[in-house]
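Some notes on the structure that comes next.
The values are calculated or read from the model by the stated rules, or taken from the named source; none is laboratory data. From a predicted model like this one, the values you see are computed outputs, not experimental measurements. For neighbour counting, all protein chains shown are included, and Cβ atoms are generated from backbone atoms with ideal geometry for every residue, glycine included.
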Amino acid sequence: MAYYRTKEGKFKKKLQNDKRSMAEPAPEREKRPEEEDKPPQKPATAGTPAGPGVGAAMISYVRLATSLIEGRRVGRDEILAMLARVVRQHSLARRKKIDYLLWYLNKHPP
């Protein structure tokens, strides 16, 4: 650690860090035959229950992990419904849990 505080150490560390930024990007993987036949999945958008920031790859991953954990096939609709419950953004106002729950249920009736 003391070496990297010297002038020579700082210079060498900068060279090492510069090498990292010049690294070649990972090669793109080839598509498997079964992936080519499938139509591309529609990514989740702001209009879907999962909301923004949850892409198709994330939904596929959560679906796979949930299927492995539960030992059964889990549908995309189930995952979107689950993510809508779990990932929803809470209000910034501070209130009791029951007050927030009643407000949310009034806004989004079952």
Item checked: Test: Val54 is at pLDDT 75 or above and part of a loop (DSSP other than H, G, I, E, B) -> no
Notebook entry, point to check: Residues Leu105, Leu80: which one is touching a Pro at 6+ places or on another chain (Cβ under 7 Å), at pLDDT 85 or above and not small (Gly, Ala, Ser)?
Noted result: Leu80
Check: Can you tell me which residues in the range 88-102 are surrounded by 10 or more Cβ atoms within 10 Å (Cβ to Cβ) and at pLDDT 80 or above?
Finding: Asp99, Leu101, Leu102
Next item on the list: Six or more apart or on different chains, Cβ under 7 Å: which pairs go from a residue in the range 93-110 that's of a type outside the set (Gly, Ala, Ser) to one that's surrounded by 10 or more Cβ atoms within 10 Å (Cβ to Cβ) and assigned to a loop (DSSP other than H, G, I, E, B)? Could you list them?
Entry: Tyr100/Ser91
Next item on the list: Under 7 Å between Cβ atoms, at least 6 apart or on separate chains: pull out the pairs that start in the range 59-72 with a residue that is at pLDDT 90 or above and hydroxyl-bearing (Ser, Thr, Tyr) and end on any residue that is surrounded by 13 or more Cβ atoms within 10 Å (Cβ to Cβ) and in a helix (DSSP H, G or I).
Entry: Thr66/Ile79
